[in-house]
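*Asks:* The structure that follows is given in the form of structure tokens.
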Amino acid sequence: MIYYYFGGNEGLYRKVIEKTHVDTQQGELALDQVLTNPQEAKKKLISFTFNYHKNYFSFIRLVIIVNIHRGMCLGDK
């Protein structure tokens, strides 16, 4: 089914990376930092980031793998 929906492992890998980045950005945007002072906004962002990493440890692994491959997905040249 992976080949049917994603065109192979590389396609699945790309979708997972895209989804995790979209989820992270949506979480950050939901913080509504515009209405707070800069120090409170920074505290909210730092708290969100640490809690996200704590609750979604697989995200850290994925980021490490992407960095090891220098941002290139499998099959990229």
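*Asks:* Does ALA30 fit the bill of being of a type outside the set (D, E, K, R) and in contact with a helix residue (DSSP H, G or I) (Cβ under 7 Å, 6 or more places away or on another chain)?
*Replies:* Criteria not met by ALA30.
*Asks:* A follow-up question, please. Can you pull out the residues in region 1-58 that are of a type in the set (Val, Ile, Thr) and either farther than 27 Å from GLY71 by Cβ or in contact (Cβ under 8 Å) with a residue 24 or more places away in the chain (or both)?
*Replies:* Quick first cut of region 1-58, residues of a type in the set (Val, Ile, Thr) only: 2, 16-17, 20, 22, 24, 34, 36, 46, 49.
If the condition is that a residue be of a type in the set (Val, Ile, Thr) and either farther than 27 Å from GLY71 by Cβ or in contact (Cβ under 8 Å) with a residue 24 or more places away in the chain (or both), then VAL16, ILE17, THR20, THR24, VAL34, THR36 are the ones that fit.
Bear in mind these aren't lab numbers, they're just calculated from the coordinates by the rules spelled out. None of the values given here were measured: they were computed from a predicted structure. Positions of Cβ are backbone-derived with ideal geometry, glycine not excepted, and every protein chain shown enters the neighbour counts.
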